[in-house]
Every structure is written in structure tokens, then in C-alpha cells.
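Each remark here refers to the structure printed beneath this line.
The values are calculated or read from the model by the stated rules, or taken from the named source; none is laboratory data. Keep in mind that what you see is a predicted model, and the values were worked out from it rather than measured. A quick note on method: Cβ atoms are made from the backbone with ideal geometry, for glycine too, and the neighbour counts reach across all protein chains shown.
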Amino acid sequence: MKASWRPRLGVALLTLTIGAFAVLTGSSLLRISAIERDMRIEATQNMLWVISRAQVAALELSTASIVREQGKIDQSALKRHHNVFLSRLAVLGDGPQRRRMEDLGFASVLDELHGNLAEIDRLIANFDPENAQGLRDLLQPYSSSLDRASNKAMIAEWDALGSKLDSSRDQLWHLVVSMVGIALAGAALCVHLLLATREANRRMRLLGKEKAFSELLIASSGEAIIAVDRDRRCTVWNEAAERLFDVPARKTIGLPLSEISGFFQIDRIGQAIGTSFGGQPATLLDQPFFRQGDDDPSYVDLRFFSLREGARIIGSILLISDVTEQRAAQRQIADHRNHLEQLVRARTEELDAALNRERATAELYRNFGAMISHQFRTPLAIVDSALQRLMRRSRRLTPAEVVERSERARQAIARMTGLIESTLDAARLDAGQMEIRTTTCDFAQIAADVCARQREQTPERPLRLDLPEEGPALAFCDPVHAENILVNLLSNAVKYSPPDTAVDLTVTAEDNQVRCAVGNAGRIDCATEREAIFERYFRGSNAEGRPGIGIGLYMSRTLARMQGGDVLLDAGDNSRITFTLVLPRAQDEEEAHPSSRLQETA
Amino acid sequence: MDRIISGMLTALLAMVFATAAAAGALPRPQGPTVLEVQGAIGKTNAEGAALFDMEMLQALPVARLETSTAVTDGVRSFEGFLMRDLLAHVEASGNTVTATALNNYVIDFDAQEFERYDVVVAYRMDGETLQPSDKGPLWIVYPRDQHTELQDIRYDYRWVWQLMRLEIR
């Protein structure tokens, strides 16, 4: 509140002072000019002289008439005095003098006297001593009238002079007062001027300091600062800009930006400057920038701001910062992060694998436990019951009966031994002790042999063998293991299918594979069972009451894979289960081995 | 015959005047003397003086001046000769010119003044010859309207009328 009325009061006071100064000066000038006017003295104001000279002329003319009468002067001398007299009267009758005489109240007297001039003229022209006295009588009233007129003129002139002096004194007194006022107002104005000058100087110093500070800021800025006018001519180019563009400031000021560097010829930079001319700030990030002599681009962020003077936009300011290093650092951080993520992923995968392995191991042992408890208990029970009978009825038994029961016990023990062998095989396989000796052999032959043996063991089951018509199907495999796999698949097919259904075996040779499909009637409805059927110690729902430890398929697949092949399951909808042994096909027929080795191992 | 004689006489007179002028003397005035110039002058036609009749004065280069005066109303048209022409004519060499009027009114002039201003010695006002019974035959007139500094009482008193005599010192 206080701050708002103080400057206003200051302005009002100043205006008042200046107004007073002007009024006083004006009135003083008026008074001075009035005095000057009053001081001019007109010739008409000198009436006393004019009148007295006329009176003197009249008197002299009168005197001259006496002298002439005495004959001491001639007619021309008299005429000369007459002329002087006439001349003085003429002056009195002329415009300005006539008016003054009217003012003095002597106009009528003058007119009266003029009436006698003709008579005087005549008397002088025809001067006669007898008329001399008459002439003097005629001249006498001039002298006396002019005497009175001069008296009155003197009084009037002195009165006029006195009043003029009064008025001048009055004017001078006013003038003195005005001068004092002017001096005071002038002094006030001088003081104000001094104060204003001091304040202005102070502000100038402040402004100078601020300017110097701004210049220092611009100069020491790490960012390049460039200013342009509306014609895009450079007006500011700081040291950072000098370094960035490698152009000194003195070569840039006043030049269009596009001539300073090709960088400014880029369209989007020109457009951004245009945007800032329109009053909107603009930003361009990560702009590639080629320094002179550098093949790799630097990267800069550009910001554009309008440069305003009041409401008018007079140009644009560009701030350019080099972000090459930040960019590189960011990229490094990103790379590092990617690397860490990869590490974590790999580690997670390892951990997942380890966990799965642990789970599989746990599952394995659970399955192993279940299998042992089930498969080993049955033969032991058989052996136990055979031995109990032998003990209880030992006296009544015939030797044949003893043999028969012992035989049954031995069979049970033999089956247990087989189970243990199988388990050990699996352990060996797991421990990597299983040897694989791959070679080229005729898989059709192997299939035919296995079929023949199966027919001997189960002559009652129909068994179809389908071999390729073109002859041997050469596979690159270990013949012993291949045969074992096939035996296993075939015995499974016989074992797990209804007794009166047929089992078929089909061998085909394709582009680079030899396939042997073993099919039997049946189906596996459960999807998990289809998945788990190749697991170790897994026994399907239809394995109940049938001997086995659930290791055959596992071993078959593992062995097949070790030879570069596989065992596949097709438990399709058409009520048939097909296991297919796939082996790599051998291209060279000469290296094929006969089946003699098979017989050796069997 | 008479005409031839009078022509010859005129020629003779002209020759005499010319000779007198060349010898530093002025011809004598033929008519009544209206102006007498005395003092430091190079040309005379009487005992230490140069006497002029109206014809001689009117032979000087004519100067015309329109101005108001202090003692009359309105602008008046004057005809006469320049004071400096007269002074040059008589080869005046002084600094002060004293003018005396018919009524013995005496005024001193600074000779410089006649160089500075076109001061006219008028013998005609508004086309009419100035009469001795008024301001004539000669009236010293200042170019009052042409120079404001001349509108001053100290110049007004220099308007000598009924001019009779000039003395150069």
C-alpha cells in the first residue's frame, strides 16, 4: 500500500513544482514585457518641449518684429522667424501632438489661435512699422496660451511618470516574489534531478553488474547458448558453442545460422526455430551431430525458446547440450542390465533343472519303493508258501511233488533275480556304464528273428510281420541293443493286450530313418499316463497283476536315443496302441553285418 | 542665332563646372542657398564652406524612403538624397556632423551612423515639396520602420527639420 502511493505522490509533487515553475516564469515574463513596454518613451510624451519651443518661436517672432521695426534686420530674417513659428505650430497640430493637446484640454485654444495665422501671415508679408504693434498683439495670446499649456503638460507628464514608476515598482516587486518562487522551484527541481541522477546511476551500476553476471553465466555455461534474431542471424555465441562447432564467436555474430554450420540446415532444426518464433518452446533430443573431422556422431539435445521484448518476439534462444557421454553411459547400463538378466535367466533355468532333477529323483525312489514292495513280495510269498508246504507235509509228499514245489520256488526266485538284473541294468544305464557300439545292420533281419522267437514262446497269439518289399532295411545302430528294444516292445504288446487279439510288427525304411512299429489292440485314455509311460518304475493302470518293474520302456527309449533314434508312442483313437522304434538309416550297404552277432549275445 | 549662342553658353558653363569640379571646387549656387556645409570638407564654393541651392541638392542621387515618423500619423513617403552621398560629395573627412536648424536647434551626429543607416535628407514628402513654414526645406529622416532600434527617443531627436547648416569636425 505504502509503496503504491509514494511514487504517485512523487510524480504529483514533481508535476506541481514544474507547473509552479512554468506559471511563475510565464507571469514574470509577462511582467517584464509590460515593464519593457512601459519604458518606451514616445516623442509625444515630450510635449513640454514641443509646446515651449512653440512659445519661444512666438516670442522670438514678436521680438523680431520689434527689431525689424527698428530696421536692424531685413525682411528675410523676419520671414525666417515666421517660418520657425509656423513650423512649431504645425508640429503641435500634427496627429500625435494634436491628440495630446486635446487630452490637455487645449484643442479649442489651438484652433482659435490658428484662426489668426492668416492675419499674421498678411501682416508679416506686408510688414509696416505701423502694424507692428498689431502683429505683436496677435502673437501675444500664443505666448500666454502656450505658457499655460506647458504648465499643464508638465504636470501631466510628471503625473504620468510618477504612476508609471509606481506601476513599474509594483511590477518589479511582483517580479522579485516570482523570482524567489522560481528560485525555490528551480532548487527543488535541481535537488530532484540530483537524486534522480544518483538513483539512475545506482540502477545503471546494478544493471551493469547484472549484465556482467549474465554474460559470465552465458560464457561459463557448459551448454552451448546461441541466440538469433528474426532473420536467423546469430547474436549470441558463447564459449561452449565455440567448442561444440569449432567456430569462434567473431566469425558468427551477424551471420545467418545456416551459413555458420550445415547442422542448422537440417529441416527439423529450422522448423523448431520457426516454432519458437511462433511463441512455443521446442525440444529435439538425441540429435546426431558430426564434429569436424569425427566419423562417429556426437549426440546433442536441443531446446528452443522464444526471445521476447515485452509482448514482441524478437528472436530465439537455442540451448545445445552434448549428451554423447550420457548416451554411452546409458547404453552401458542397459547392456549390463541385459547381461544380468541373462545370467539370472540361466541361473534360474539351472535351478529349475536341478529342482526337476530332485523331483524326478524323489519320484524315482517312490516308484522304486512301490515296485519293490509289490514285485518282490509276490515271488517271496510264493517261495514262502512252497517251503511251508514242504515243511508241513514233508512226510507225505512224493519226491515228484517235492520237485514240483521246489521248481515253483525256484521259478519265483529266478523271476526276482531277473528283476534285480533289470534294476541293475537301469542303474548301469544311469551311471553311463552302458556301452553302445553302433554299426550298419539289416534291421529287417533282426525284426524277423525276434518275431520267430516270440512265436515259439507264445504260439497261440497271432503275430503279423510286415517287412519292406525292396529287401534289407539298413540301420546305423548297435544291433544288440536294437534287438533288446524290439524284444521288449513285442513282449509288452503280447503281455498288455487281450489274449485273442493280433499283434503286428511293421518295418519301413524312409528317407533317413528306419522305423519299426509294434501295434496291439488297446487304448490309453489318460493323458498323464501317456506322458509317464516312459518314466522309470512307472507302471500303467493295466499292469496290475502282471510281473514287471516298469523299466523296459524307459530303457528302450534311452537306448534308442543313445543310438540317435527314439521310441514313439501312438495311442490313437482307433483302439490300437503303437510303439515305434526309430533308428537312423545307414546309406552304405557294404558295412552291413549279418545277424550272427545277435545270436552270440542271445 | 540666339539658340546657337545660348547652346554655346551652356556648353561653356558646363566646361567651367567640370573644370571646377576637377580642381576640387564646387560650382557656386545659382538660386537661394538652402544648405551650408562647413568644416572638414575637401570641396568648397565659398569661404571655407560649400553652399547648396535646391537645384544642386536635387542633382545628387535621389533616395526614396517610406517610413512612419514620431511626429506625424501614418506612413510617409520621402524623397531626397542620402546624407552619406552629400558628405562624399563635399569630401567630408570628420567623425562628427553637427546639424543646425532654422530655430538654432543643434544636434551632433556620429558620421558612422550615415554609413550604417540610409539616413535621408528629404526635400519632398508624399510627392510634395517640403515647405519652410512646415518641416522644409530639408528634413533629416531615419529609416525608422526598417530598423526597430531606430524607434527610440534617442533617434527621434535626430530628425532635424528646417535643416540649415552642417558642420563637419
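So here's what we get for this one:
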| item | result |
| --- | --- |
| Members of region A:375-389 that are modelled with pLDDT under 80 and surrounded by fewer than 13 Cβ atoms within 10 Å (Cβ to Cβ) | A:Arg377 |
| Counted residues, region A:123-143 - those being within 14 Å of another protein chain (Cβ to nearest Cβ) and out of contact with any Ser or Thr (no Cβ under 9 Å at 6 or more places or on another chain) | 1 |
| Which listed residue, of A:Ala400, A:Ala447, is exposed (fewer than 11 other Cβ atoms within 10 Å of the Cβ) and farther than 27 Å from A:Gln375 by Cα | A:Ala400 |
| Candidates A:Asp159, A:Asp170, filtered to the one that is assigned by TED's automatic domain parsing to the domain that holds A:Gly19 and either over 22 Å from A:Ala34 (Cα atoms) or loosely packed, with under 11 Cβ neighbours inside 10 Å (or both) | A:Asp159 |
| Residue check for A:Ser373: in a helix (DSSP H, G or I) and assigned by TED's automatic domain parsing to the domain that holds A:Met416 | yes |
| Filter result for B:Arg28 (modelled with pLDDT of 90 or more and outside any helix (DSSP H, G or I)) | no |
| Options B:Val160, B:Val141, B:Val121; residue that is under 20 Å from B:Gly80 (Cα atoms), more than 10 Å from every other protein chain (Cβ to nearest Cβ) and touching a helix residue (DSSP H, G or I) at 6+ places or on another chain (Cβ under 6 Å) | B:Val121 |
| Which numbered condition A:Ile382 fails, given (1) in contact (Cβ under 8 Å) with a residue 12 or more places away in the chain; (2) within 19 Å of A:Gly564 (Cα to Cα) | (2) |
| Candidates A:Thr506, A:Thr501, A:Thr528 - the one that is more than 22 Å from A:Arg415 (Cα to Cα), modelled with pLDDT under 85 and of a type in the set (Ser, Thr, Tyr) | A:Thr528 |
| Tally of residues being assigned to a helix (DSSP H, G or I) and touching a residue at least 12 places away in the same chain (Cβ under 8 Å) across region A:102-111 | 4 |
| Residue in region B:115-123 that is more than 17 Å from B:His147 (Cα to Cα) and surrounded by fewer than 20 Cβ atoms within 10 Å (Cβ to Cβ) present | no |
| Any hit, region A:151-159, residues being closer than 15 Å to A:Ala57 by Cα, more than 60 Å from the chain's Cα centre (by Cα) and assigned to a helix (DSSP H, G or I) | no |
| Tally, over region A:555-580, of residues that are in contact with a helix residue (DSSP H, G or I) (Cβ under 7 Å, 6 or more places away or on another chain) and in a helix (DSSP H, G or I) | 5 |
| Selection count, region B:124-138, where residues are in contact with a Lys or Arg (Cβ under 8 Å, 6 or more places away or on another chain) and away from chain A (no Cβ under 13 Å) | 1 |
| Single match in A:Arg122, A:Arg169 (criterion: farther than 17 Å from A:Ser52 by Cβ, in a helix (DSSP H, G or I) and at pLDDT 85 or above) | A:Arg169 |
| Residues of region A:198-253 that turn out to be in a loop (DSSP other than H, G, I, E, B) and either hydroxyl-bearing (Ser, Thr, Tyr) or farther than 23 Å from A:Ser321 by Cβ (or both), as a count | 4 |
| Residue under evaluation B:Val75, criteria (1) more than 14 Å from chain A (Cβ to nearest Cβ); (2) surrounded by fewer than 19 Cβ atoms within 10 Å (Cβ to Cβ); (3) closer than 30 Å to A:Trp49 by Cα, criterion not met | (1) |
| Residue match in region A:454-473 (condition: in contact with a Phe, Trp or Tyr (Cβ under 7 Å, 6 or more places away or on another chain) and farther than 19 Å from A:Val503 by Cβ) | yes |
| Single residue of A:Leu319, A:Leu307 found to be in contact with a Lys or Arg (Cβ under 6 Å, 6 or more places away or on another chain), within 17 Å of A:Ala241 (Cβ to Cβ) and surrounded by 10 or more Cβ atoms within 10 Å (Cβ to Cβ) | A:Leu319 |
| Condition check for A:Glu483: charged (D, E, K, R), touching a helix residue (DSSP H, G or I) at 6+ places or on another chain (Cβ under 9 Å) and either modelled with pLDDT of 85 or more or surrounded by 14 or more Cβ atoms within 10 Å (Cβ to Cβ) (or both) | yes |
| Qualifying residues in region B:98-114 (those that are under 14 Å from the mean Cα position of the chain (by Cα) and either surrounded by fewer than 16 Cβ atoms within 10 Å (Cβ to Cβ) or within 13 Å of another protein chain (Cβ to nearest Cβ) (or both)) - the one nearest to B:Pro137 (Cα to Cα) | B:Ala101 |
| Residue match in region A:500-523 (condition: out of contact with any strand residue (DSSP E or B) (no Cβ under 8 Å at 6 or more places or on another chain) and over 30 Å from A:Gly432 (Cβ atoms)) | yes |
| Contacts under 8 angstrom Cβ, first residue in region A:60-75 being at positive phi, partner charged (D, E, K, R) and outside any loop (DSSP other than H, G, I, E, B), 6 or more apart | none |
